[in-house]
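The values are calculated or read from the model by the stated rules, or taken from the named source; none is laboratory data. Predicted model only: the values in this text are computed from it and were never measured. Methodologically, a virtual Cβ is constructed for each residue, glycine included, from the backbone with ideal geometry; neighbour enumeration extends over all protein chains shown. Areas reflect the complete protein model, heavy atoms only, side chains present, ligands, DNA and RNA absent. Shrake-Rupley method; radii C 1.70, N 1.55, O 1.52, S 1.80 Å.
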Amino acid sequence: MELDAKRFTDDTTLDTDVCIVGAGPAGLVLAAELVDRQCDVIVLESGGHYPEAEILALNVGDVSGDVYAGLGATRHRQVGGTAHLWNSAVAGAISAKYAPLDAADFLPRASRDHSGWPFTVADLRGDYDRAQRICGLGPFAYDAAAWIDSSHQPWSTIGPRLVSRVYQVGTRDALLSPLRASIERATNVRLCTHASAVSVQGDASGRSVTSISIATPGGARWSVRAKRVVLAAGAVENARLLLLTDAGAGAMGNGSGWVGRGFMEHPRDRALMLHPRSADAYARSSFYDQWRAADGTWVVGRLALGEDALASGELLNASATLVPRLSNTLHRLRAALPSLAARWLQSEGHGWSRTRGAARAFGGFSVLLNVEQSPHPENRVTLSARRDSLGVLLPALHWSWREDDHRRLERLRAIVAEDLGAIGTMTVDTNARPDPNAHHHAGTTRMHDDPKLGVTDRHGRVHGTDNLFVAGASTFPTAGFANPMLTIVALSVRLARHLRSES
Ligand SMILES: Cc1cc2nc3c(=O)[nH]c(=O)nc-3n(C[C@H](O)[C@H](O)[C@H](O)COP(=O)(O)OP(=O)(O)OC[C@H]3O[C@@H](n4cnc5c(N)ncnc54)[C@H](O)[C@@H]3O)c2cc1C
């Protein structure tokens, strides 16, 4: 069921069992998992069903540190959340790349501060299975062996530390449409659009959240009283809403001082180029292109670090994607004749392995490394001195690529270059710094069983509170290299089960 808060008046107060703040993928999955259960649910969504300038403007904030695209450009307020910014495509449809975290991402690593989750990948396995179905993907299978067919064979000659795996690709529609339909039909779930949570109120003890104050731009100020509240507003906003609860006695969940800290991105490194030795290397590399498997699943082959290489923690977890680069001649031709190029000339996009005359069209593969960033307390979200149009303090992000991670990246580049030496000649741009702009925000309300070391417990409950929870990548203590959606969805499934078991 859906309500537009533009019709509400100032004295409106709604009562509910569970109030979810944010109707992005994390909040929608959580709400859909509670459909037809014995509880009443309200989902508060800042936006509506279309982009609206004054709502999108609420996403701006301050940024300091290394060059970063900005908080307005990397988040989106609308039902469906930041999925509206996805920029991958499959068969012409907007899509995302999906991969689970690796087993090593969940484990404490001796040489890495603040590493380790409160549970293992095995504990999330069943929820990953369900996440695959919710995201409209194939089976939970990411090793190359599950996907090899006669036309798509991974390289067999690469060095010992690299293994071949895949991403799966799913469309935005496959994820969002069934969630929206299920919530629309539900009699126990109310999705309130144009409802921006502006503050979270606790009782005198600070242990229990009693209500949420909500503003509708140009409209009412109203509230929801809820027995349990889940913040599912994205990693920057979840931290901001917690920091805003500080009325002098400290923000909720911030006994450890970790609220807002440990922000992570998935930087992208383009320092490595592979110049294949044999002219038919492009056709023989089709496993690493985007392709459709026999069961209909879209996959993209990739290279990954094997378990042994990851175990020491000396390397950043990473995934390597092959991106063919146009030869200089073709590059110049495309620039000189753009309209001809759009129709007739080869581009660098998917389908490259099927290009006729690929050895002439391409000048090699750029080896795109999607890398992990270690959680660091100084990479953090705080509150700005500026306010948004609703009068609320804006978030301020400090992000930097730190030297310890850069040294790990340099070791990683050396290993990848060495292990791909069997395929061709490698060049390394040793001056290159990775680009932070994958727009995968994580880590600002990290999970830890010990309240002194984290913000939420293993279920996402904010430490020191009875009824305040967090959903989404802000709870990730470490974020591996993997695009976050699959784990976000799995954690929402897990949290829904926990909320059901408590009610
Ligand atoms: C360009 C781009 C490409 C990406 N590609 C991929 C990919 O291929 N694979 C992948 O795994 N991930 C990808 N991501 C990341 C992925 O989209 C996010 O990790 C994911 O959307 C996070 O889900 P979420 O529900 O936690 O937060 P969001 O999607 O950000 O949703 C948060 C929701 O909360 C609402 N909200 C915010 N503040 C408030 C408030 N105060 N009150 C009420 N509502 C509020 C917002 O309007 C929004 O709808 C990409 C991101 C970008 C920007």
Test result for ALA438, touching a strand residue (DSSP E or B) at 6+ places or on another chain (Cβ under 8 Å), within 12 Å of the ligand (Cβ to nearest atom) and closer than 20 Å to SER366 by Cβ: yes
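What number of residues in the range 192-220 are of a type outside the set (A, V, I, L, M, F, W, C) and closer than 28 Å to ALA249 by Cα?
Qualifying residue count for the region: 12.
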Count of residues meeting criterion [of a type outside the set (Asp, Glu) and either in a strand (DSSP E or B) or away from the ligand (no atom under 12 Å from the Cβ) (or both)] in the range 10-56: 20
Residue within the range 106-113 that is small (Gly, Ala, Ser) and either open to solvent by 60 Å² or more (accessible area, probe 1.4 Å) or within 8 Å of the ligand (Cβ to nearest atom) (or both) present: yes
Test: ALA341 is modelled with pLDDT under 85, outside any loop (DSSP other than H, G, I, E, B), open to solvent by less than 10 Å² (accessible area, probe 1.4 Å) and in contact with a helix residue (DSSP H, G or I) (Cβ under 8 Å, 6 or more places away or on another chain): yes
Test: residue in the range 460-481 that is within 30 Å of SER156 (Cβ to Cβ), in contact (Cβ under 8 Å) with a residue 40 or more places away in the chain and open to solvent by less than 40 Å² (accessible area, probe 1.4 Å): yes
Tabulated pairs, the range 414-443, first surrounded by fewer than 19 Cβ atoms within 10 Å (Cβ to Cβ), second of a type in the set (Val, Ile, Thr) and not in a loop (DSSP other than H, G, I, E, B), C-beta under 9 angstrom, 6+ apart or interchain: ALA414/VAL428; HIS439/THR82
Subset of the range 57-97 (residues that are closer than 30 Å to ALA385 by Cβ and either within 7 Å of the ligand (Cβ to nearest atom) or assigned to a helix (DSSP H, G or I) (or both)): ALA57, LEU58, ASN59, THR74, ARG75, HIS76, ARG77, GLN78, GLY81, THR82, HIS84, LEU85
Matching residues in the range 148-177 - criterion: being outside any strand (DSSP E or B) and in contact with a helix residue (DSSP H, G or I) (Cβ under 8 Å, 6 or more places away or on another chain): ILE148, SER151, GLN153, PRO154, TRP155, ILE158, GLY159, PRO160, ARG161, ARG172, LEU175, LEU176
Pair list, Cβ < 8 Å and 6+ apart or interchain, from the range 67-92 residues that are open to solvent by 50 Å² or more (accessible area, probe 1.4 Å) to residues that are β-branched (Val, Ile, Thr) and more than 6 Å from the ligand (Cβ to nearest atom): ASN87/ILE94
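If you check PRO108, PRO118, PRO100, which single one turns out to be under 16 Å from the mean Cα position of the chain (by Cα) and assigned to a loop (DSSP other than H, G, I, E, B)?
That would be PRO100, the only listed residue that is under 16 Å from the mean Cα position of the chain (by Cα) and assigned to a loop (DSSP other than H, G, I, E, B).
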Complete set of residues in the range 268-290 that are open to solvent by 10 Å² or more (accessible area, probe 1.4 Å) and in a strand (DSSP E or B): ARG268, ARG270, MET273, HIS275, PRO276, GLN290
Subset of the range 367-426 (residues that are over 26 Å from ASN483 (Cβ atoms) and part of a strand (DSSP E or B)): THR382, LEU383, SER384, ALA385, ARG386, ARG387, LEU393, LEU394, GLY424, THR425
